[in-house]
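For reference, the structure is listed below as structure tokens.
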Ligand code: SAH
Ligand code: SF4
């Protein structure tokens, strides 16, 4: 079977070329054609030796993902749905801003973590994406949107689409390396962000293997509430998670971790909970910023978005305590491109509904409120 060259970081491609009897500089050339020029046809890679093109023709291919749909929002946000086979689709979102463009990339079809407020979590887990499937999202977006001037369009990548990146570690790390590689997409470590629900051991591994910016989805100021909102919390607990964040910052390209906090009406948005959050991160001495995310409701969640004034009051309490706090702008919600709404339309809703009912029985939201 032909090998998908998008599955390789530069070292992997060099090893593959070596197996074909080709020198490393050939791998660099090939890598640049694939990622920087967006070329898939070996015959068009004009400065590549004919003999190498011949060998590649039989052994390898550059496999992109079929595009199911493209939606462009009134604010310029663009969402693509990619077919990953077996009835599964993943979503990628491009968010243009004045001075930069951010791409939100998926790492899994579905997600096994099952957060209470997340539509991907409610769909359950289908499978891990390969390195090639992760990088194909960036490659497609970059070359689809790049203008005739050839200027880069994606300046930032956030692993905040579908899936838990640290539960697909083996595929995610080479994908990060392709993003960072000067012969690939040349993004700085500060501009590539892994967002995680908090897998402590894997945060430590990422720090060793490929430190990039880290965002941790905290969502609660104590274990009782976080256990219900983010079930993975039952494994390690908040203190161990925050200690891993402190260790991470020592090696990270940024000197803080971003805590994401999804604002849920009457669940985690009270002023006392902001105070508790301040005490928590002070006690563990975590250098951090906060990013408050307005909840994007979906019918099965049974949850509501916090009113605007409650979000600003919560933000003010954190800011007054000395923490940089931002409130995420809702972008692209006219095309359902906002967080946690991903790829819902192609999923089998019947099973999702069963799973939801099951979860409601085990994690009633009243109990979550009681966890304050
Ligand atoms: N699995 C990773 C990354 C993907 S989710 C993680 O959990 O961090 C990216 C972000 O979107 C997370 O902070 C997540 O908590 C948030 N999110 C999920 N569902 C949401 C929703 N319905 N409304 C707002 N934010 C949501
Ligand atoms: Fe998975 Fe992240 Fe959604 Fe939780 S919030 S279910 S970890 S994608």
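Just so it is clear, none of the values below were taken in a lab; they were calculated from the coordinates. Keep in mind that what you see is a predicted model, and the values were worked out from it rather than measured. All Cβ positions, even for glycine, are placed from backbone atoms using ideal geometry, and neighbour counts span all protein chains on display.
Values computed for the structure shown
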read-out	value
Boolean, residue 289 is within 15 Å of ligand 1 (Cβ to nearest atom), assigned to a helix (DSSP H, G or I) and out of contact with any helix residue (DSSP H, G or I) (no Cβ under 7 Å at 6 or more places or on another chain)	no
Filtered residues of segment 112-128 (kept if near ligand 2 (Cβ under 7 Å from one of its atoms), on the phi < 0 side of the Ramachandran plot and part of a loop (DSSP other than H, G, I, E, B))	113, 115, 118
Strands (runs of 3 or more DSSP E) fully within segment 166-269 counting 1 or more residues that are farther than 25 Å from residue 312 by Cα	192-196, 213-217
Criterion (in contact (Cβ under 8 Å) with a residue 40 or more places away in the chain and over 17 Å from residue 281 (Cβ atoms)) met by exactly one of 214, 206, 241	206
Subset of segment 251-267 (residues that are more than 22 Å from the chain's Cα centre (by Cα) and more than 15 Å from ligand 1 (Cβ to nearest atom))	266
Segment 129-165, residues that are in a strand (DSSP E or B) and within 13 Å of ligand 1 (Cβ to nearest atom)	157, 158, 159
Residue that is within 16 Å of ligand 2 (Cβ to nearest atom) and touching a residue at least 24 places away in the same chain (Cβ under 8 Å), where the choices are 93, 72, 67, 62	93
Selection within segment 297-311 - surrounded by 15 or more Cβ atoms within 10 Å (Cβ to Cβ) and under 11 Å from residue 263 (Cβ atoms)	303, 305, 306, 310, 311
Tally of residues being touching a strand residue (DSSP E or B) at 6+ places or on another chain (Cβ under 6 Å) and either under 30 Å from residue 26 (Cα atoms) or surrounded by 14 or more Cβ atoms within 10 Å (Cβ to Cβ) (or both) across segment 73-100	16
